[in-house]
Amino acid sequence: MTTKQENISEISQQLEQFKNVRTQTLELVKTLEKDDFVVQTAAFMSPPKWHLGHVSWFYEVIMNKIDQKYEFYSQEFSKVLNSYYQAFGEPHEKAKRGILSRPTVDETLQYFNIINKRVEDFLKKSQINKNEIYLFKMAFNHECQHQELLVYDLQHLLASTYRPVKQNTPPKLSQIEKKSIKISGGIYEMGYNGSDFSYDIELPEHKVYLNQYSIDVFPVTNADYLKFVEDGGYENFRFWLADGWDVVKKNNWKAPMYWEKENENWLRHDFRGKQKLHPNEPVCNVSYYEADAYCKWAKKRLPTEAEWEKASCWNEDKQIKTIYPWGNDHPTKNHANLLESYLWSPAEIGSYPLGKSHYGLHQMVGDVWEWTSSEFAGYPGFKSGFAEYNDKWFANQKVLRGSSFATPKYSIRNSYRNFFKLDERWMFAGFRCVEDI
Ligand SMILES: [Fe+2]
């Protein structure tokens, strides 16, 4: 049983966390012009205004779940800001978020502040129990997910026109030696085993059997991937899954998203502008189909998510799993390239020697999400923790592990399971290869 004192300290911690998350969201849009908030440049992205409203609305969903007497701020806002929760009525179509001039930017920002006040009052007034604290933590994690989506969308919307509030220079490089590391086979217990927050899809911890395998120390780089492109990778059906080949032809793909060819040189257009490819940065903005085709061309394969997780967090000497690749210490700018590193791009391989895993793998978290070959589905014994959040997506998506340079540090851990459709590539996704031995 928790004492009243423990309850007060838990609530003040969550209030603090709430303020941090909300401040970070506003910081991402602080330098935008008003016009930037409304524009939707593609069906897969959302206008910044929509993200601000939606993350706020989600707190209303949580407060309503805890207290059925809670009244939503506005029916009209709820309709527009509902992403895909059928339980709250028919949501406004995602591809048409950019046609809405109401609520206005000012009204959305006002709503953002009204919700801040409501959440603070709610947390202060209520006798919150453990489950309810979990729901608020989930809403903070949800907002972190949208901060990251917002960064993907800002790259699509503005690229180098975006002016970050903070920007740091990349870390100094250490010596790199590209190699792969052998991981022993046998029974491995995958899933979250910590005592803080995890999503329902990271549970329950369960045993899987792995054959031994070897996994690359670094993710695939732009230079590696360029060889595939220049070897006619996008012109040869033999490397592609049938569905992938259809996508390549239909969309006339010749290279990863944001690559452009000018005078025989491949350039990449991102927050830094249009620049020559940085050969030693992890390849970014590739779909599952492209990652899989590269592996086939390289006579390797993608890891399963169990292989990825073991390589990232298993300490062979101590026979324990850790929360992050380097151990259980919270991430700092010396461990990984995350949102709070403020680099606004992947960092070169070898940039984070202090963040390597017990097996010696670099950049398992930060820089780019890594595609795995695993279908996104519930673990054996899965129980849904929140209707319509994760489990209604258990079809036709693949799991990505790790995190990217846009992931807030609050929301990362080795057991985190991200998921996207096989042809999606506007998110910051790359991959690393494994081989059977
Ligand atoms: Fe959402």
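The values are calculated or read from the model by the stated rules, or taken from the named source; none is laboratory data. All figures in this text were calculated on a predicted structure; none of them were measured in a lab. In this analysis, Cβ positions are derived from the backbone assuming ideal geometry, glycine residues included, and neighbour counts consider all displayed protein chains.
Please go through (1) within 14 Å of the ligand (Cβ to nearest atom); (2) part of a helix (DSSP H, G or I) for residue 28 and return the number of the only condition it doesn't satisfy.
Among (1) within 14 Å of the ligand (Cβ to nearest atom); (2) part of a helix (DSSP H, G or I), the lone unmet condition for residue 28 is (1).
When residues of the range 186-232 are filtered for being hydrophobic (A, V, I, L, M, F, W, C), without any contact (Cβ under 8 Å) to a residue 40 or more places away in the chain and part of a helix (DSSP H, G or I), how many remain?
Result for the range 186-232: 1.
Just need a number here: residues in the range 163-182 that are farther than 30 Å from residue 210 by Cα and either crowded, with 17+ Cβ neighbours inside 10 Å or within 14 Å of the ligand (Cβ to nearest atom) (or both).
Within the range 163-182, residues that are farther than 30 Å from residue 210 by Cα and either crowded, with 17+ Cβ neighbours inside 10 Å or within 14 Å of the ligand (Cβ to nearest atom) (or both) number 1.
So for the range 96-105 (the condition being away from the ligand (no atom under 16 Å from the Cβ), over 22 Å from the mean Cα position of the chain (by Cα) and of a type in the set (Lys, Arg)), does at least one residue qualify?
Yes - at least one qualifying residue is present in the range 96-105.
Within the range 150-160, is even one residue farther than 30 Å from residue 53 by Cβ, among the hydroxyl-bearing types (Ser, Thr, Tyr) and surrounded by fewer than 20 Cβ atoms within 10 Å (Cβ to Cβ)?
No; the residues of the range 150-160 include none that is farther than 30 Å from residue 53 by Cβ, among the hydroxyl-bearing types (Ser, Thr, Tyr) and surrounded by fewer than 20 Cβ atoms within 10 Å (Cβ to Cβ).
If residue 99 satisfies every condition in (1) closer than 30 Å to residue 313 by Cβ; (2) surrounded by fewer than 12 Cβ atoms within 10 Å (Cβ to Cβ); (3) of a type in the set (A, V, I, L, M) but one, which is the exception?
So the condition that residue 99 fails would be (1).
Checking the conditions here, which among 215, 201, 187 is among the β-branched types (Val, Ile, Thr), surrounded by fewer than 18 Cβ atoms within 10 Å (Cβ to Cβ), at negative phi and in the same structural domain as residue 279 (by TED's automatic domain parsing)?
Exactly one of 215, 201, 187 is among the β-branched types (Val, Ile, Thr), surrounded by fewer than 18 Cβ atoms within 10 Å (Cβ to Cβ), at negative phi and in the same structural domain as residue 279 (by TED's automatic domain parsing), namely 187.
Taking the range 303-319 only, how many residues are part of a loop (DSSP other than H, G, I, E, B) and either of a type in the set (Gly, Ala, Ser) or surrounded by fewer than 23 Cβ atoms within 10 Å (Cβ to Cβ) (or both)?
Kept after step one, since they are part of a loop (DSSP other than H, G, I, E, B), are these residues of the range 303-319: 303-304, 316-319.
This time we only want the ones that are either of a type in the set (Gly, Ala, Ser) or surrounded by fewer than 23 Cβ atoms within 10 Å (Cβ to Cβ) (or both), so: 304, 316-319.
Matching residues across the range 303-319 total 5.
Just for the range 37-60: of the residues that are hydroxyl-bearing (Ser, Thr, Tyr) and within 14 Å of the ligand (Cβ to nearest atom), which one is farthest from residue 73 (Cα to Cα)?
46
If I go through the range 165-185 residue by residue, how many of them are closer than 22 Å to residue 358 by Cβ and either of a type in the set (Asp, Glu) or assigned to a loop (DSSP other than H, G, I, E, B) (or both)? Quick ask: steps written out before the conclusion?
Here is the first cut: in the range 165-185, the residues closer than 22 Å to residue 358 by Cβ are 171, 174-185.
Now drop any that are not either of a type in the set (Asp, Glu) or assigned to a loop (DSSP other than H, G, I, E, B) (or both), which leaves 171, 174-179, 184-185.
Of the residues in that region, 9 qualify.
Considering (1) within 16 Å of the ligand (Cβ to nearest atom); (2) hydroxyl-bearing (Ser, Thr, Tyr); (3) within 24 Å of residue 387 (Cα to Cα), say which one residue 198 fails and leave the rest.
(1)
I need the full set of residues from the range 71-84 which are in contact with a helix residue (DSSP H, G or I) (Cβ under 9 Å, 6 or more places away or on another chain), of a type outside the set (A, V, I, L, M, F, W, C) and free of Cβ contacts under 8 Å to residues at least 40 places away in the same chain, in order please.
Residues satisfying the conditions are 71, 74, 78, 79, 82, 83.
Yes or no: residue 121 of a type in the set (D, E, K, R), surrounded by fewer than 15 Cβ atoms within 10 Å (Cβ to Cβ) and out of contact with any strand residue (DSSP E or B) (no Cβ under 6 Å at 6 or more places or on another chain)?
When the stated conditions are applied, residue 121 passes them.
Looking only at the range 120-151, filter to residues that are without any contact (Cβ under 8 Å) to a residue 60 or more places away in the chain and part of a helix (DSSP H, G or I); which one of those is farthest from the ligand (Cβ to nearest atom)?
Looking only at the range 120-151, we keep the residues that are without any contact (Cβ under 8 Å) to a residue 60 or more places away in the chain, and these are 121-122, 125, 129, 131.
With part of a helix (DSSP H, G or I) added as a condition, the list becomes 121-122, 125, 131.
Numbers: 121: 23, 122: 20, 125: 26, 131: 21 Å.
Ranking the candidates gives 125 first.
I need the full set of residues from the range 64-88 which are more than 22 Å from the chain's Cα centre (by Cα), in a helix (DSSP H, G or I) and either aromatic (Phe, Trp, Tyr) or within 16 Å of the ligand (Cβ to nearest atom) (or both), in order please.
Scanning the range 64-88 gives 64, 65, 77, 78, 79, 80, 86, 87, 88.
Scan 354, 338 and give me the residue that is at pLDDT 95 or above and either basic (Lys, Arg) or buried (at least 20 other Cβ atoms within 10 Å of the Cβ) (or both).
It is 338.
Looking at 215, 201, which one is touching a Cys at 6+ places or on another chain (Cβ under 9 Å) and of a type in the set (A, V, I, L, M, F, W, C)?
After applying the criteria, what remains is 215.
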